[in-house]
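Visitor: Sharing a structure here in structure tokens format.
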Amino acid sequence: MRAIRDVVGYPLLAAVAGSLASTTEIRLFHDRLIEKRGGLAPQATATGWHTDTAYWGNASSTELLTAWIPLADCGLAEGTLAVVDGSHRWPTISLQRRFLTPDGEGRVPLELVPPGVNPHVRVLPVARGQVIFHHSRVLHRSVPNLGAKARKALAVHLQDRTNRYRQWMQDNGRRAAHSNELLCRSTPHGEPDFCDPAVFPILWRA
Ligand SMILES: O=C(O)CCC(=O)C(=O)O
């Protein structure tokens, strides 16, 4: 859809991302339009605490980030994002993939928190037209959509200039992959090319 593509590639968003990541180039990494239907039980519409980096083990850079863009006002009752302040700077980063496993009352599970740290959660209400940027290592979730209407939000995942493919091995010794690897061309070394302009277009350059 051309309108969606225009939002995903909106140069000002990529420029802000470039400034936040202190990089000279921002390329698209992946994008998703996430819809949470209204009128469902809270557990059915919340997203569990996770870091995006847990899903991007194939990325060599830790400086990827997400622009999260709700398509309507999105407050505490409509399923906005909550983040743990400063968690991207924690000495240990959670790699647990709990996106689809919301945690009851929304408390941060202790096993995700380094010893001695007291997590400070911020819920971030956004008005239509506002955007939340979050670092790939920040612990975040979405609160439930308690409203009657569907909550629709675009998650635009962005890579900094340095990011390249790296092999992603799981603890069980098997290779893991992200769907974006299946879409792009290969480098001369036979690896997924995270600079393929057809899949990972440059959205901003300094
Ligand atoms: O839209 C959501 O509910 C969650 C989005 C999210 O966690 C993300 O984009 O990383």
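No value in this document is a laboratory result; all are computed from the given coordinates. In this text the structure is predicted, and so the values were computed from the model without any measurement. With ideal geometry, Cβ positions are generated from the backbone for all residues, glycine too; neighbour counts draw on all protein chains shown.
Visitor: GNM on the chain, C-alpha springs below 10 Å: top fluctuator among ARG122, ARG175, ARG185?
Guide: For the chain, modelled as a Gaussian network with Cα springs under 10 Å, the answer is ARG175.
Visitor: Need one number: nm distance between label points at THR24 and ARG107, each 7 Å from Cα along Cα→Cβ, rounded to one decimal.
Guide: So the label points at THR24 and ARG107 sit 4.9 nm apart.
Visitor: Here's a follow-up. When each pair of different Cα atoms in the stretch 154-206 is counted once in the 1/r mean, what is the Kirkwood radius in angstroms, to one decimal?
Guide: 12.6
Visitor: Mind listing the phi-derived Karplus ³J(HN,Hα) values for the stretch 59-70, rounded to whole Hz, using 6.51, -1.76 and 1.60 with θ = phi - 60°, and x for any glycine or proline?
Guide: Residue by residue, the stretch 59-70 yields 9, 6, 9, 9, 9, 5, 8, 10, 9, 10, 10, x Hz.
Visitor: Report the Cα centroid-to-centroid distance between the stretch 1-71 and the stretch 107-129 in angstrom, as an integer.
Guide: 18
Visitor: Separate question: Hey, could you get me the Stokes-Einstein D for the chain, Kirkwood radius over alpha-carbon pairs, 10 °C and 1.306 mPa s, rounded to whole µm² s⁻¹?
Guide: My calculation gives 89 µm²/s for D.
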